[in-house]
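Asker: The structure under discussion is supplied below as structure tokens; questions concerning it will follow.
FYI, it's all coordinate maths here, none of it is from the lab. On a predicted model such as this, the values are computed, not experimentally measured, just so you know. All Cβ positions, even for glycine, are placed from backbone atoms using ideal geometry, and neighbour counts span all protein chains on display.
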Amino acid sequence: MSIFPININHHFGLKTHKVNNFLENTEVLRLQISNLIENSTKSENGQYFSSLDISKFMASLLPEMNRPVINILDPGAGVGILSAAVIGHILAQKNLPKSIIITAYEIDKNLISHCESTFKLCQRECKKFNVSLIFKLINKDFIVDGCTLLSGIIGGNLFQEKRQDPRTYDIVITNPPYKKILSGSIHRKMLSEIGIETSNLYSAFIAISIELLSENGYLVGITPRSFCNGLYFKPFRNLLYKKSSFKRIHLFHSRKKAFSEDDVLQENVIYLIKKENPVSKALRIINIYSLVTAIVYLCSVLPS
């Protein structure tokens with residue numbers, strides 16, 4: 001495992017290009033909706049929307065994908081700002097795809113129409129670049145639906161049932177909900193049935209998303225750092241270690257930085273993961289506040 005501390009502003013400066021206006025319109029929508037939701041509701045649902053700056057930075061970590069069709073999964077889409085940031089990032093590439101397909105999950109029915117508005121903005125922007133954008137907005141519980149999709153694969157009866165393999169996504173971008181999973185809940189039962197043992201919604205979202213990635217697909221996420229240590233997250237760390245490689249990690253200087261407008265005190269981390277076999281253990285740490293912290297952090301990610 002290698003560590004390469006680098007200057008985030010130098011290596012990952014956000015691109016300025018002509019799609020910025022549509023992203024700014026998306027940010028206005030996000031702020032309007034976020035301000036309408038009570039803080040108590042956000043806390044109860046573990047629902048905190050990513051800002052435009054965070055979303056653009058996350059999208060900027062993704063490598064250029066030279067392929068005619070790019071398939072994106074956005075679990076827990078909110079108002080769709082993360083997907084919009086990925087669209088902006090793709091449209092800034094030298095080699096554009098012919099089409100982009102987005103599958104977005106959002107369990108809150110009150111957000112569906114707003115998310116649809118964001119994706120229609122994205123469609124209009126893509127049309128300017130002769131890129132087709134197809135979106136599928138699913139008002140369902142991502143964990144329940146994801147476990148159902150994966151049950152045939154992990155259970156070993158995919159071909160017996162002649163089901164289509166759902167592991168088709170090139171990109172997953174996610175800011176999942178942060179909330180504990182009760183031991184007797186339907187979530188815990190369904191996750192256990194497909195071999196995923198975890199105690200928080202965010203780690204369940206990441207685990208299912210990794211399973212749904214195609215080989216050599218990428219996941220970029222923002223989550224708490226709590227998965228890095230402790231017995232509760234050991235099975236989740238084992239899954240990460242066996243099925244994926246960390247390519248980029250961004251640590252925040254302050255616990256208030258990631259969701260400052262919602263006054264959330266949470267130690268968050270942004271990371272880029274690649275699903276690959278064999279797994280590579282080389283990565284870069286970006287925006288670290290000490291090399292010692294980075295080394296301790298990396299060591300804690302590995303199974304212990």
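Asker: Greater than 19 Å separation of Cα atoms is the criterion. Which listed pairs, K242/K275; K56/K136; K109/K180; K109/K136; K136/K179, meet it?
Answerer: K56/K136; K109/K180; K136/K179
Asker: Same structure again: Length gain on complete extension for the stretch N277 to N216, per 0.36 nm per residue less the alpha carbon to alpha carbon distance?
Answerer: Difference between extended and current length: 21.1 nm.
Asker: In what order do R67, R248, R167 fall by count of nearby beta-carbon atoms within 10 Å, going from fewest to most?
Answerer: Going from least to most buried by this count: R67, R167, R248.
Asker: At Y241 and S185, where each label point lies 7 Å from the Cα along Cα→Cβ, what is the point-to-point distance in nanometres?
Answerer: With each label placed 7 Å out from Cα toward Cβ, I get 2.6 nm.
Asker: Let me ask something else about it. When a footprinting reagent is the concern and you count Cβ atoms within 10 Å, what order do I206, I222 take, fewest first?
Answerer: In increasing order of surrounding Cβ atoms, one gets I222, I206.
Asker: How high is the FRET efficiency from N139 to K98, r the C-beta distance, R0 35 Å, rounded to 0.05?
Answerer: 0.80
Asker: How big is the convex hull of the Cα atoms of the range 167-235, per residue, in Å³?
Answerer: Roughly 92 Å³ of hull volume per residue.
Asker: Tell me which residues come under 5 Å, amide H to amide H, from L133 once H is placed; ignore anything under 5 positions away on its chain.
Answerer: For L133, the qualifying residues are I100.
Asker: Rank these for me by crowding, M65, M58, M190, going from fewest to most other beta carbons within 10 Å.
Answerer: M65, M190, M58
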